[in-house]
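Colleague: To start, I am sharing the structure in question, which I have written as structure tokens.
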Amino acid sequence: MHIEEIKIENFRNIGFMGIFPHKEINVIYGQNGQGKTNLLEAIWLFTGCKSFRTSKDRELVCFKSENAEISTSFQTSLRENTASIFIDKKRTASLNGVKLSSPRELIGKYYSVVFSPVHLSLIKDGPLNRRKFLDTAISQIDSVYAKKLTYFNHLIGQKNALLKNAAENPSLLDTLDIWDEKIALAGAEVIVERINYIKMLQNKASLIYGGISGETEELKIKYLSNVPYESEEKQDIAEIYFKNMQKHRPNDLYLKNTSSGPHRDDIEILINGISARKFGSQGQQRSASLSLKLGEAEIIKNLKGEHPIILLDDVMSELDHVRQNYILNKMSEKQVFITCCEKETVSRLNAGKVFKIEKGKAVV
Ligand SMILES: Nc1ncnc2c1ncn2[C@@H]1O[C@H](COP(=O)(O)OP(=O)(O)OP(=O)(O)O)[C@@H](O)[C@H]1O
Ligand SMILES: [Mg+2]
């Protein structure tokens, strides 16, 4: 899929901007603080997800304005579409002239994958960001997954509340087995989806990483669960998970928290067999997180038949020419937006459009 036009009004430092991007490569360059990432952020929002920089919609509206509006026309393999998003205290969206009950209804209608400096934390930081990456990625290809996850989190919240109130009302503890049964089943659903996704991602991301590193290094990813399952069958995982919660119950009662389950899981990322998080160099970590993101895009293409719009914020710095060329050449047939400070960084491109951004405006 690709965007044919995007119009942005009163969004961050962009008063008004209207552009007609190239079908493949678009380079957005300009000095620091001019609005390059803001433009990518606007393009991203049509996924129906929250911004990749903030969860507070209000921050997206220009300081001087009450509300912001972005609209686009985009082409998928099936049809020509229009979408718009209106932001004041909250976000509302419409697609092809029909108002949606939630912007999340855009999920599955418009696909995008973003890689920005915040995504470096995918490798570096704790498991929370890796779980978030995994959950967002699966949600884009499977709208039921988000519901399963919400249901699981809801159950965990309920059980934890029960553990907290049990001191005052011990009879509540009689219902713990019932909660654990429900949690085990709901948790197994989440774990199975994540295991399957990680398998697909391992295939795609390891190929990409091999290419980026000139086949000198190998990337491996594994789902790391604290539920010690032996088979990958949902029912088996649920049984083991139930037993695991029973085993941890004394401790959970003491801490008033559920310690076992997919809400505590992680992804293990290995480069040449050693932890990328603990031992990877800066360049290796950047290449690995980029490979995960580009792998995510390949999975969307395979399952949905649409190339997602790829947003690459500041990736070029720190990468040598071999790595830069690899990334750029891998991008054919996809619409890509790349931001950088120097126009020269991507001067090797012979096709595409270049936009210079200055004080929130596209100047040529
Ligand atoms: N809600 C807002 N209203 C007005 N201006 C805003 C708002 N949010 C952010 N800005 C401004 O937008 C600018 C940052 O834009 P952006 O992050 O897109 O810069 P950039 O061109 O990507 O820069 P860099 O090269 O440093 O990444 C800042 O000057 C910031 O003050
Ligand atoms: Mg930026």
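Colleague: Going by alpha carbons, how many degrees (0 to 90, nearest 10) lie between the helix axis of 282-304 and the longest principal axis of the chain?
Modeller: Approximately 90 degrees, to the nearest ten.
Colleague: Can you tell me the Rg and Dmax of segment 124-271, counting just the alpha carbons, in angstroms?
Modeller: Every Cα atom of segment 124-271 included, Rg and Dmax give 17.4, 62 Å.
Colleague: Continuing with this model, one more query. Out of all Cα-Cα pairs in the chain, roughly what percent, to the nearest whole number, are more than 31 Å apart?
Modeller: Here the tail beyond 31 Å accounts for 41 percent of pairs.
Colleague: Let me ask something else. Say R0 is 41 Å: what FRET efficiency, to the nearest 0.05, do residue 332 and residue 235 get from their beta-carbon distance?
Modeller: With a Förster radius of 41 Å, E is 0.40.
Colleague: I would also like to ask the following. Please give the helix 176-212 orientation as an angle from the longest Cα principal axis of the chain, in degrees from 0 to 90, rounded to the nearest 10.
Modeller: 40 degrees
Colleague: Note the per residue figure in Å³ for the convex hull of the C-alpha positions in segment 275-364.
Modeller: 127 Å³
Colleague: Assuming 0.36 nm per residue, please report the length gained on full extension of the stretch residue 182 to residue 99 beyond their Cα-Cα distance.
Modeller: Full extension of this stretch gives 26.3 nm more.
Colleague: Moving to a separate point now. Past the 32 Å Cα-Cα mark, which pairs from 147/220; 56/361; 36/124; 334/361; 89/182; 147/356?
Modeller: Pairs exceeding 32 Å: 89/182; 147/356.
Colleague: Using a Förster radius of 45 Å, what is the FRET efficiency between residue 253 and residue 118 based on their Cβ-Cβ separation? Nearest 0.05, please.
Modeller: Plugging the Cβ-Cβ distance into 1/(1 + (r/R0)^6) gives 0.75.
Colleague: Of the beta bridges DSSP finds with both residues in the chain, what % are antiparallel, to the nearest 5?
Modeller: Antiparallel: roughly 70 percent of the beta bridges in the chain.
Colleague: With springs connecting C-alpha atoms under 10 Å apart, model the chain as a Gaussian network and identify which of 237, 178, 19 has the largest mean-square fluctuation.
Modeller: Highest fluctuation of the listed residues: 178.
Colleague: Which residues does a label at residue 89 reach in segment 39-58, if reach means a backbone N under 13 Å from a point 7 Å past the Cα toward the Cβ?
Modeller: 58
Colleague: While we're looking at this one, here's another question. Taking the Cβ-Cβ separation of residue 264 and residue 354 as r and a Förster radius of 35 Å, what is the calculated FRET efficiency to the nearest 0.05?
Modeller: Working: r = 46 Å, r/R0 = 1.31.
Step by step, r from the Cβ atoms, then E = 0.15.
Colleague: Give me the number: length gained by fully extending residue 168 to residue 343, i.e. 0.36 nm times residue separation minus the C-alpha to C-alpha distance, one decimal in nm.
Modeller: Result: 56.4 nm gained on full extension.
Colleague: Between residue 216 and residue 321, what is 0.36 nm times their sequence separation minus the Cα-Cα distance? Round to one decimal in nm.
Modeller: 36.2 nm
Colleague: Show me the ranking of peptides 253-259, 294-300, 263-269 by mean Cβ neighbours inside 10 Å, starting with the highest.
Modeller: With the highest mean Cβ count within 10 Å placed first, the list reads 294-300, 263-269, 253-259.
Colleague: Checking the cross-link filter: which aspartates and glutamates have an alpha carbon closer than 18 Å to that of residue 243, excluding same-chain neighbours under 8 positions apart?
Modeller: Partners within reach: 174, 177, 180, 181, 189, 230, 232, 233, 252, 265.
Colleague: How much accessible area per residue does segment 124-271 have, in Å², with a 1.4 Å probe? Please list the in-between numbers first.
Modeller: On the way: 7380 Å² over 148 residues.
Here the residues of segment 124-271 average 50 Å² of exposed surface.
Colleague: In debye, nearest 20: dipole of the chain around its Cα centre with unit charges on the Cβ of K, R (+) and D, E (-)?
Modeller: Dipole of the chain, to the nearest 20 debye: 740 debye.
Colleague: Please determine, in degrees from 0 to 90 and to the nearest 10, the orientation of helix 234-255 with respect to the longest principal axis defined by the Cα atoms of the chain, where the helix direction is its Cα long axis.
Modeller: Between helix and principal axis, roughly 70 degrees.
The values are calculated or read from the model by the stated rules, or taken from the named source; none is laboratory data. What you see is a predicted model; the values in this text were computed from it and never measured. So basically every Cβ, Gly included, is an ideal-geometry build from the backbone, and we count neighbours across all protein chains shown. Remember, those area values only see protein heavy atoms, side chains included, never the ligands or the DNA or RNA. Shrake-Rupley method; radii C 1.70, N 1.55, O 1.52, S 1.80 Å.
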